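Novice: Here it is: the structure, laid out below.
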Amino acid sequence: MKQTVPFLDLAAQMRPLRQEIETAIGQVLDECSFCLGPRVEAFEKHFAEFCGARHAIGFNSGTSALHVAARLLDLKPGDEVITTPYTFIATSWAIVYTGATPVYVDIEDQHFNLDPTKVEAAITPRTRAIIPVHLFGHPCDLDPLLEICRRRRVALVEDAAQAHGARYKGRPVGAIGDLGAFSFYPSKNLGACGEAGALVTNDDALAKRARSLRNHGSPVPYAHEEIGYNYRMEGLHGAILDIKLKHLAAWNTGRRRVAQRYQELLKNIALRLPSEAPWAGPVYHLYLVRHPRRDALKQHLESRGIGCRLIYQTPLHLQKCFAGLNYKPGDLPIAEKTAAEGLALPMFPEMTEEQIQTVATAIQEFPG
Ligand SMILES: *Cc1c(COP(=O)(O)O)cnc(C)c1O
């Protein structure tokens, strides 16, 4: 079956930028600034501004940025971190890489984010941090989490890997908590031509230590104050991301336009659409719908050449790699139901009205 609407069309994003990106790549080749360097510094400065943060620190992936966030909190074996079971697994890697234990709290049913009303009950004397995710680009409700963090003296790390430019009560997400991690994996709202990530923070000391940890724990060459990593961002990615960053706001507007058209066209259908909280400025990294006959709907759409995907069909608390945490089916019912019923529809800024209507018509014609 020929594809009529792709799930994501990265080539459409690249086409108009191709020349500018090639020129920038040429400059990096001329300068030979391949690891960190001036292009990464320029991007860090611009990305910090975009996030309304004092500091942005470039990484070689979002996973590395999250790992360093966990190191910055000095997490160690025996520590507990409250987090969401319904996300990409890298959120939890950050915790387990330090030897700390993820404590999963169920999500809320509206925006698929960690449910702040259930967090308090999960706090113990060992709790050191809360790591929520702004999933699919919809910000989680940070104020109640920040209130708990202040009162209980625990840290808040935002996993903003899917939420570049999303707003919570008018503020860009990322630096609202102590630290925020971003991914620039190619399919993210802002994507590199390869792997990259960033941490943002308003805390000068955390930023300084983050720069050291990503660079072998050495604030100056060959002096290693603590065990660090080679997690540096590459110059080519800095140059490319700096070009793409200028288009991010318009791309996010494009994603919101697609979401709004879906909302209008799919109004009368027995399908649960994502909703927006009144305080949220979401950026629709993905558009997840829910249907009790999800697998049949997926087959139906694929038979018409429409790209759609299962996302997180096994929540993290039921993953084999975390069997040692001893969760069982039924422990986190909303995450499990969302995992069973969720289907991501095509979503990208360049989607045409015709493509949107093709998807909507196909869904309309799904029997049942
Ligand atoms: C993509 C993603 C990550 C990991 O980022 P990489 O750049 O792929 O390492 C972490 N958390 C979430 C929620 C993500 O979507």
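The values are calculated or read from the model by the stated rules, or taken from the named source; none is laboratory data. It should be emphasised that the depicted structure is a prediction, and the values quoted were computed from it without experimental measurement. A quick note on method: Cβ atoms are made from the backbone with ideal geometry, for glycine too, and the neighbour counts reach across all protein chains shown. When the accessible area is computed, the model is the full protein with side chains, heavy atoms only, and any ligands, DNA or RNA have been set aside. Shrake-Rupley method; radii C 1.70, N 1.55, O 1.52, S 1.80 Å.
Novice: Rounded to a whole number of µm²/s, how large is the Stokes-Einstein D of segment 248-364 at 4 °C and 1.567 mPa s, given Rh as the Kirkwood radius over C-alpha pairs?
Specialist: Working: Rh = 15.6 Å.
Once the numbers are plugged in, D ends up at 83 µm²/s.
Novice: What does the accessible area of Glu341 come to, in Å² to the nearest 10, when a probe of 1.4 Å is used?
Specialist: So the heavy atoms of Glu341 present about 40 Å² to solvent.
Novice: In the full protein assembly as shown, how much of Phe47 is accessible to a 1.4 Å probe, in Å² to the nearest 10?
Specialist: Roll a 1.4 Å probe over it and Phe47 shows about 0 Å².
Novice: Once phi is turned into ³J(HN,Hα) by the Karplus curve 6.51 cos²θ - 1.76 cosθ + 1.60 with θ = phi - 60°, what whole-Hz value does each residue of segment 167-184 show in order, with x for glycine and proline?
Specialist: 10, 10, 6, x, 9, x, 6, x, 10, 7, x, 5, 8, x, 10, 10, 10, 10
Novice: At a 1.4 Å probe radius, which order do Tyr222, Tyr168 fall into by accessible area, largest first?
Specialist: Tyr222, Tyr168
Novice: Just order 292-300, 29-37, 124-132 by mean Cβ neighbour count inside 10 Å, highest at the front, would you?
Specialist: Values: 292-300: 15.7, 29-37: 13.9, 124-132: 19.3.
Per-residue mean Cβ counts within 10 Å order the peptides as 124-132, 292-300, 29-37.
Novice: On to the next question. What spacing in nm lies between the two simple spin-label points modelled at His247 and Lys169, each 7 Å away from Cα in the Cβ direction?
Specialist: According to this spin-label approximation, the distance is 3.5 nm.
Novice: Per-residue counts of other Cβ atoms within 10 Å, averaged by peptide: what ranking do you get for 178-184, 326-332, 199-205, highest first?
Specialist: Ranked from most to least packed, the peptides come out as 178-184, 199-205, 326-332.
Novice: If you place +1 on the Cβ of every Lys and Arg and -1 on the Cβ of every Asp and Glu, how big does the dipole about the Cα centre of segment 248-364 come out, in debye to the nearest 20?
Specialist: Values: 15 positive and 10 negative charges, 36 e Å.
The dipole of segment 248-364 has a size of about 180 debye.
Novice: How large is the convex hull of the Cα atoms of the chain per residue, expressed in Å³ as a whole number? Provide the component values of the computation, followed by the final result.
Specialist: Numbers: hull volume 50.5 nm³, N = 368.
Measuring per residue, one finds 137 Å³ for the Cα hull of the chain.
Novice: Based on alpha-carbon centroids, what's the gap between segment 163-212 and segment 302-368 in Å, whole number please?
Specialist: Each part's Cα centre sits 25 Å from the other's.
Novice: In addition: Given a cut-off of under 8 Å on Cα pairs at least six residues apart, what relative contact order in percent is computed for segment 89-178? Provide the component values of the computation, followed by the final result.
Specialist: Working: 123 pairs, mean separation 20.8, N = 90.
RCO, segment 89-178: 23 percent.
Novice: Report the Cα centroid-to-centroid distance between segment 239-277 and segment 108-151 in angstrom, as an integer.
Specialist: 24
Novice: Where the accessible area of the chain is counted over protein heavy atoms with a 1.4 Å probe, how much of it, in %, is carbon and sulfur? Please report the intermediate quantities before stating the final value.
Specialist: Values: 8310 of 15660 Å².
Carbon and sulfur together cover 53 percent of it.
Novice: Let me ask another. What ranking of His216, His134 comes out by heavy-atom accessible area, probe 1.4 Å, highest first? Working shown, then result.
Specialist: Details: His216 75, His134 0 Å².
So, going from the largest accessible area down, we get His216, His134.
Novice: Taking the solvent-accessible surface of protein heavy atoms with a 1.4 Å probe, what is the per residue accessible area of segment 79-170 in Å²? List each step's numbers first, then the result.
Specialist: Values: 2980 Å² over 92 residues.
Using a 1.4 Å probe on heavy atoms only, each residue of segment 79-170 averages 32 Å².
Novice: Quick one: putting +1 on the C-beta of Lys and Arg, -1 on the C-beta of Asp and Glu, what dipole do you get for the chain around its Cα centre, in Debye to the nearest 20? Display every interim value, and only then the final one.
Specialist: Working: 41 positive and 40 negative charges, 70 e Å.
The calculated dipole for the chain is roughly 340 debye.
Novice: Using modelled amide H (1.01 Å from N, peptide plane; none on Pro or chain starts), what sits under 5 Å from the amide H of Tyr287, excluding residues fewer than 5 places away?
Specialist: Leu345
Novice: What are the radius of gyration and Dmax of segment 97-228, computed over its Cα atoms and given in Å?
Specialist: Over segment 97-228's Cα set, Rg and Dmax evaluate to 15.9, 50 Å.
Novice: If you don't mind, there's one more thing I want to ask. Give me the three principal axis extents of segment 232-301 from the C-alpha atoms, as integers in angstrom, largest value leading.
Specialist: Ordered largest first, segment 232-301 gives principal extents of 48, 30, 19 Å.
Novice: Also: Using a Förster distance of 41 Å, how high is the FRET efficiency between Ala323 and Arg54, based on the Cβ-Cβ distance and rounded to 0.05? The partial results should precede the final answer.
Specialist: Working: r = 41 Å, r/R0 = 1.00.
In this case the efficiency is close to 0.50.
Novice: At a Förster radius of 56 Å, what calculated FRET efficiency corresponds to the Cβ-Cβ distance of Leu29 and Glu108, to the nearest 0.05?
Specialist: Approximately 0.70, to the nearest 0.05.
Novice: What figure, in Å² to the nearest 10, do you get for the accessible area of Tyr231 with a 1.4 Å probe and non-protein molecules left out?
Specialist: The accessible area comes out at roughly 40 Å².
Novice: Once the principal axes of the Cα atoms of segment 1-75 are found, what is the range along each, listed largest first in whole angstroms?
Specialist: If we take the Cα atoms of segment 1-75, the spans are 51, 36, 23 Å.
Novice: Placing +1 at every Lys and Arg Cβ and -1 at every Asp and Glu Cβ, with all other atoms neutral, what dipole size does segment 59-165 have around its Cα centre, in debye to the nearest 20?
Specialist: It comes to approximately 500 debye.
Novice: Using a 1.4 angstrom probe on the protein heavy atoms only, could you order Asp79, Asp74 from most to least accessible area?
Specialist: On the way: Asp79 10, Asp74 85 Å².
Per-residue accessible area, sorted high to low, gives Asp74, Asp79.
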